[in-house]
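Coordinate-derived values only; no laboratory data. Just so you know, these numbers come straight off a predicted model, no measurement behind them. Note that each Cβ is placed from the backbone with ideal geometry, even for glycine, and that neighbours are counted across all protein chains shown.
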Number of protein chains: 2
Amino acid sequence: MLFRQLFDQETGTYTYLIADPVTGEAALVDPVLEQVERDLTLIRELGLNLKYCLETHVHADHVTGTGKLRELTGCQGIVPVQAKAQCADRFIAHGETLQVGSILIEAIATLGHTDSHMAYRVNGDRILTGDALLIRGCGRTDFQSGDPGLMYDHVTEHLFSLPDETLVYPGHDYKGRTVSTIGEEKRWNPRFVDPATGSLRSRESFIALMNSLNLPNPKKIQEAVPANEQCGKVTVTV
Amino acid sequence: MLFRQLFDQETGTYTYLIADPVTGEAALVDPVLEQVERDLTLIRELGLNLKYCLETHVHADHVTGTGKLRELTGCQGIVPVQAKAQCADRFIAHGETLQVGSILIEAIATLGHTDSHMAYRVNGDRILTGDALLIRGCGRTDFQSGDPGLMYDHVTEHLFSLPDETLVYPGHDYKGRTVSTIGEEKRWNPRFVDPATGSLRSRESFIALMNSLNLPNPKKIQEAVPANEQCGKVTVTV
């Protein structure tokens, strides 16, 4: 498998390129509009054929590159079920899979950051967690119909149940970390675990923590959410 | 092998953590002073014992974290032979190796960006190229006794001779790319290859290209070079 992690410095966003070097089929997960040219150059240089653009969710902090990539390459846009993005080619549900050459990608429901969110497990040994589980953190749950109780349930039931050695590739990191493992996050993620004891927090404790964060809105939210609901079409409203 | 790529956003610098999860022995390559706390937290959480800090070269764009890490952990500082860093615990020469648990790290001379520079090949399948070979680029050769002819010789003879599938982990990237391969750089690196034909440039063509770049000095050069010659000890001169 060819696997590339790509970073957008302005928004701290990770995009992932996954490809089968034998068949040349490729998928991009969470592309960023401003990085479409970089990503297409890499895809062309590697001799790949972009089959899918996958979204983990409707982002509030950056505009997706999926709309532009669909126009330029004819790839299919894949978004989680119930996402407000009617332009998608396919809505993917928990447990459903995509095939990229010999690579199997499985959607895993990880709601709570938004009311539609999928993590994507790749060939069983790694999972792209979007804005659900981050390295030593998690996505906020205070807008876009976020729900901390649902995030707790899905992260603990759908992600922490994976093998400890599963590699965790997040949708963002703001401290320059690129990868973690399920085992590490089950032991050291301070949102879900009391670091002093290593014990999982209770659902109530997690909800109280998330509801006390009092975060400012992302800079791009007014532009990004409506654009992403149209798969990355940027509409300027005066 | 445990292998972690870590990024310093301010200077676009990659640090690498390499460890044997069985013995717990670890090495950091090109740590950044401002990220020492992040790196030590990760090392502690993973239950590792920092044995070595390796420098690819005396950096001009950031201050190394090696000095502080030596003080805090007792690790050994390893620098290339002929580097002006008299405080090092060991000077490593081309072809010499280090053992980190079961992991073998081999120093490969890659001079030209500076007059002392090693790439570090890890377990044969990946190479940390410092500021010699970058993704679709290379380090500048116009200060710190840089020498474009020497860079051409060492990159083409010592790096491009490695197997095409060897993973290339650079010391910097400014476009969010994290990894490449020797095969990709032999085909698509515009400093060494004419992208239109895929043919290797001549030594003379490379030297002329490097001598025409006319780059501004790195922001931190006045502070970083003298500090790094003392293994990261920051001296404020009024």
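Tell me, rounded to the nearest percent, the portion of alpha carbon pairs in region A:57-109 spaced more than 15 Å apart.
That fraction is 54 percent.
Amide H neighbours of B:Thr13 under 5 Å, at least 5 residues apart or on other chains, H built in the peptide plane: list them.
B:Asp8
Tell me, which cysteines of chain B are without a disulfide-compatible partner by the Cβ under 4.7 Å rule?
Within chain B, the cysteines lacking a partner Cβ under 4.7 Å are B:Cys53, B:Cys75, B:Cys138.
Per residue and in Å³, how big is the convex hull formed by the alpha-carbon atoms of region B:2-215?
For region B:2-215, the hull spanned by Cα atoms encloses 109 Å³ per residue.
How many angstrom separate the Cα center of region B:148-179 from the Cα center of region A:186-238?
38 Å
Measuring nothing but label to label, 7 Å from Cα along Cα→Cβ, what are B:Glu157's distances to the other copies in nm, shortest first?
6.4
How far is A:Glu34 from the same spot in each other copy, in nm, shortest first, if each label point sits 7 Å from Cα toward Cβ?
1.8
Would you compute, for the Cα atoms of the protein assembly as shown, the largest minus smallest coordinate along each principal axis and list the three values in descending order, in whole Å?
In descending order, the Cα extents are 61, 55, 46 Å.
What residues qualify as long-range amide H neighbours of B:Leu104, i.e. H under 5 Å apart, gap of 5 or more or another chain, H built at 1.01 Å from N?
Amide H neighbours of B:Leu104, under 5 Å, 5+ apart: B:Asn123.
Whole-Hz ³J(HN,Hα) for each residue in region B:212-222, computed from phi via Karplus 6.51 cos²θ - 1.76 cosθ + 1.60 with θ = phi - 60°, x for glycine and proline: what do you get?
Each residue of region B:212-222 in turn: 9, 6, 6, 8, x, 5, x, 4, 9, 4, 5 Hz.
Using the structure shown, list the pairs from A:Lys175/A:Lys220; A:Lys68/B:Lys220; A:Lys175/B:Lys186; A:Lys175/B:Lys219; A:Lys220/B:Lys220 with a Cα-Cα distance above 27 Å, or answer none.
Too far apart for the 27 Å limit: A:Lys68/B:Lys220; A:Lys175/B:Lys186; A:Lys220/B:Lys220.
Between the label point of A:Asp142 and that of the same position in each other copy, find the distances and list them shortest first in nm, with every label point placed 7 Å from Cα along the Cα-to-C-beta direction.
Counterpart label points of A:Asp142 in the remaining copies fall at 4.8 nm.
With θ set to phi - 60°, apply the Karplus curve 6.51 cos²θ - 1.76 cosθ + 1.60 along region B:128-135 and write out the HN-Hα couplings as whole Hz, x wherever there is a Gly or Pro.
With coefficients 6.51, -1.76 and 1.60, one gets 8, 9, x, 9, 7, 8, 9, 6 Hz.
Given R₀ = 45 Å, FRET efficiency for B:Gln230-A:Asn211 by Cβ-Cβ distance, to 0.05?
Efficiency for this residue pair is about 0.40.
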